[in-house]
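The next block holds one structure in the form of structure tokens; read it before the comments.
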Amino acid sequence: MILVTITFINKIRSQRVLFVSIPSLSHFNGLLSIGRALADYHRDVSITFAVFDNFASLTREKLPSSKLILLGSLSSNEHRPIFSVRNGETPLQFMARISMHGFLAIYEQMHDGLVNANIVDNYDLLIINMFAFAAQDLAHDLGIPFVIYSLTSVEGVFNLPSWIPRGFDSHTQGDLQKSLLARLNNYLVEPLRIIFYLGPHMVELDRLRRNNNRTRQGIHPLLGNPVERWQGHPIFIAYPMALDFRRSYTPNYHFLGFTLDEQDTNRVSNESCEIEAWVNETQAVDEFVMVVALGSISVITENTWLAIIDSLRFLPNMRMLLGVRDENCRNFVLKVASKFDRHRLMIQPWIPQRRILSNPNVRIFLCHGGLYSIGEAVYAHKPLIILPGFGDQRANAARMRSWNVAVVLERHSMTAAVLAQAARYLVENDRFAAITECLKRLHYFSEREGGGTRRAAQLIEGWVRYVPIIPDYLNRIDHPQYDSLDKMCSQNMTNNLCLILNNMTNEEHYRDSALNSSTTKNLTDACAMFNENLTLQLMPEKCDEMRQELIHENGPIGLLFASKSFMQLVTNPIVGIITDRIGYTILMLLGFGVMFISILMFAFADTYWLLFTSRAIQGIGSSFSTISGASMLSKRFPDDMKRGKMIAHATSGVALGVA
């Protein structure tokens with residue numbers, strides 16, 4: 001029998017939601033974006049953020065209606081590590097050396113702050129960052145419903161198929177599917193590396209749990225199978241690169257795509273007006289602006305800054321907008337930039353990236369490969385030059401490179417000539433237009449299949465209000481052309497954009513590289529391969545239409561579920577009469593046959609009506625087997641007491657779905 005499980009959140013006393021994040025800007029921004037969407041579309045939900053002191057002002061500025069739980073200060077050096085990658089260090093090694101140490105260092109402080117806030121009595125649903133271990137443990141032990149917010153698709157899943165990247169290297173899905181050795185390494189060797197590097201941190205986490213009287217949960221999901229506290233709880237995956245893999249996960253995983261703050265685009269300040277005025281100061285038709293933003297915590301060397309600024313010498317029609325948050329770095333950059341006039345180069349401590357990237361004069365975004373920055377480029381439809389550093393940045397860069405919308409450079413070996421040539425390559429007219437079309441399709445795919453912050457807000461409100469979590473099978477059937485990111489960006493497009501420029505030290509090396517080849521195939525031809533079935537422009541009314549489609553799917557899903565029960569209700573009296581006349585043997589065999597046919601139809605159905613028909617046929621088969629089975633028990637056990645017990649057991653089995 002086919003079982004369809006629908007997960008419900010337990011009855012909620014009131015609509016009070018608590019968001020708990022770690023003190024990391026990229027992780028915090030995602031939760032804050034969801035919180036703002038929830039406050040905007042569902043004003044009757046009370047929102048609270050548990051934050052450390054350094055994020056309190058940002059929360060009050062962006063979401064003044066929210067309440068705050070202050071978890072204390074992070075002034076000590078152990079909470080402020082230097083985010084610099086050592087030579088030859090892999091993302092997994094970096095995570096073990098820096099990231100996990102910081103996550104565990106805040107465990108007791110977060111635990112005590114949440115205990116003092118009396119979260120059991122004051123909050124009905126918790127949205128918890130994947131690395132906020134103390135909040136997860138408290139919610140589990142105190143029986144508070146919670147949702148995990150994850151920026152990686154491997155959190156909580158160990159036995160993934162070998163073709164799904166784990167995010168700790170630059171392998172993409174396409175790379176793994178082409179190489180058997182790479183798949184074996186990803187499936188067998190990579191988990192052992194994870195255990196080796198992160199095992200000591202998990203031992204420390206277990207010690208912290210015991211010291212704080214928390215339930216010992218065993219192995220953390222980073223090292224093995226999902227822990228008990230995650231079972232039955234929804235998990236938000238705010239990782240758009242994993243939308244292709246969503247069918248390999250259990251239904252409690254909800255893939256959101258990019259979780260960008262929609263209100264950031266409309267944010268206006270004196271600084272943003274000044275920056276916009278500078279961007280609009282074009283003096284020639286072919287002039288363009290390259291926006292440079294390399295994150296707030298990455299360590300950028302002086303040589304890298306020199307190469308970035310000196311690239312202006314190779315492209316007279318390029319202007320550069322630099323965002324440098326660190327004061328020491330900004331002073332150095334200002335000193336170096338003095339040889340260029342203000343029209344060519346502008347340096348700011350903060351840039352409203354989404355607003356500026358949407359300006360038509362901006363043609364390239366140079367970033368570090370962070371998920372938020374990539375999302376802003378995709379939504380603004382701007383080609384990327386990526387200088388990956390730590391964490392998931394290399395995996396993100398590899399994925400964007402595989403979609404042929406970015407050039408990836410090594411920040412430590414990059415020269416000004418190499419950067420200038422990469423920029424020239426991206427802004428070439430036909431190529432720029434083709435990349436823009438690809439980015440529009442990625443934008444559309446993320447909105448349709450993920451839904452971003454709005455979908456997260458709708459799910460949260462639904463769980464608070466008892467609404468079941470509905471699968472999205474119908475959407476995939478109705479819109480098969482948007483079912484895969486690789487369908488949106490053809491694998492046959494040019495590989496020249498897939499080149500990582502390693503160890504290029506001068507312009508002559510670059511002239512000899514494949515990136516400068518005159519035989520490069522135009523991206524426009526490749527984009528035309530999938531342009532036939534997709535002419536949608538990303539207008540606001542279309543986005544609203546997509547969301548309404550998702551909402552209206554609930555009706556057909558309900559009819560699909562009800563068709564079995566209705567057909568069984570209609571068929572039961574008829575089958576009872578037939579059983580009384582011819583006996584139960586033939587009908588029981590017929591029931592098994594009908595059920596088998598129904599299962600096959602359900603497995604291979606690719607339209608809604610086939611699904612509906614197979615579900616209805618299942619009701620008929622269930623009627624045959626249930627009525628004939630009850631008749632068999634009545635005949636085999638004439639004694640009333642024994643017959644009653646056996647029918648009770650059989651009925652219980654049917655109710656549980658095992659018979």
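On the basis of being of a type in the set (S, T, Y) and at pLDDT 90 or above, does T453 make the cut? No; evaluated as a whole, the condition is false for this residue. Apart from one condition, D53 fits all of (1) touching a helix residue (DSSP H, G or I) at 6+ places or on another chain (Cβ under 8 Å); (2) at pLDDT below 90; the exception is (1).
Could you go through the range 63-74 and let me know if any residue there is in a helix (DSSP H, G or I), closer than 24 Å to L32 by Cβ, aliphatic (A, V, I, L, M) and at pLDDT 80 or above. Let's see the steps before the verdict.
As a first pass, look at the range 63-74 and keep what is in a helix (DSSP H, G or I): none.
No; the residues of the range 63-74 include none that is in a helix (DSSP H, G or I), closer than 24 Å to L32 by Cβ, aliphatic (A, V, I, L, M) and at pLDDT 80 or above.
Please go through the range 25-49 and give me each residue that is part of a helix (DSSP H, G or I), at pLDDT 85 or above and aliphatic (A, V, I, L, M), ordered by number. Within the range 25-49, L31, L32, I34, A37, L38, A39 meet the criteria. For the range 567-607, the set of residues classified as part of a helix (DSSP H, G or I) and in contact with a Leu (Cβ under 9 Å, 6 or more places away or on another chain) consists of V575, I578, T579, M601, F602, F604, listed by residue number. The residue pairs whose first member lies in the range 87-116 and is outside any helix (DSSP H, G or I), whose second member is of a type in the set (V, I, T), and whose beta carbons are closer than 9 Å, counting only pairs six or more residues apart or on different chains, are I106/I22. Here the condition is being surrounded by fewer than 22 Cβ atoms within 10 Å (Cβ to Cβ) and touching a residue at least 40 places away in the same chain (Cβ under 8 Å); of Y379, Y425, it holds for Y425 alone.
Taking first residues from the range 556-576 that are of a type in the set (D, E, K, R) and partners that are modelled with pLDDT of 85 or more, the Cβ contacts under 6 Å between residues at least 6 apart in sequence or on separate chains come to K564/R615; K564/Q618; K564/G619. Among all positions in the range 618-633, there is at least one residue which is in the same structural domain as F561 (by TED's automatic domain parsing), within 17 Å of T571 (Cβ to Cβ) and under 37 Å from the mean Cα position of the chain (by Cα).
Annotation note: Cβ proximity below 8 Å between a residue of the range 197-217 that is not assigned by TED's automatic domain parsing to the domain that holds V115 and a residue that is charged (D, E, K, R) and at pLDDT 85 or above (sequence gap 6+ or interchain) occurs for no pair.
Residue count for the range 594-625, restricted to those that are without any contact (Cβ under 8 Å) to a residue 24 or more places away in the chain and under 17 Å from G558 (Cβ atoms): 3. Across the range 43-65, the number of residues qualifying as touching a residue at least 40 places away in the same chain (Cβ under 8 Å) and either aromatic (F, W, Y) or not assigned by TED's automatic domain parsing to the domain that holds S26 (or both) comes to 1.
Within the range 330-346, track down each residue that is closer than 16 Å to A277 by Cβ and surrounded by 13 or more Cβ atoms within 10 Å (Cβ to Cβ). Those that are closer than 16 Å to A277 by Cβ and surrounded by 13 or more Cβ atoms within 10 Å (Cβ to Cβ): R344, L345, M346. If you go through the range 118-138 and keep only what is part of a loop (DSSP other than H, G, I, E, B) and buried (at least 18 other Cβ atoms within 10 Å of the Cβ), you end up with Y123, D124, M130, F131, A132. In the range 431-443 there is no residue matching the filter, namely being over 25 Å from the mean Cα position of the chain (by Cα), closer than 18 Å to V362 by Cβ and part of a loop (DSSP other than H, G, I, E, B). Screening S373, S446 for residues that are crowded, with 23+ Cβ neighbours inside 10 Å and over 27 Å from E302 (Cβ atoms) leaves exactly one candidate, S446. When L357, L322, L306 are checked against the criterion of being of a type in the set (A, V, I, L, M, F, W, C) and surrounded by fewer than 16 Cβ atoms within 10 Å (Cβ to Cβ), L306 stands alone in meeting it.
The values are calculated or read from the model by the stated rules, or taken from the named source; none is laboratory data. If you're wondering where the values come from, they're calculated on a predicted model, not measured in any experiment. All Cβ positions, glycine included, derive from the backbone under ideal geometry; neighbour counts span all protein chains shown.
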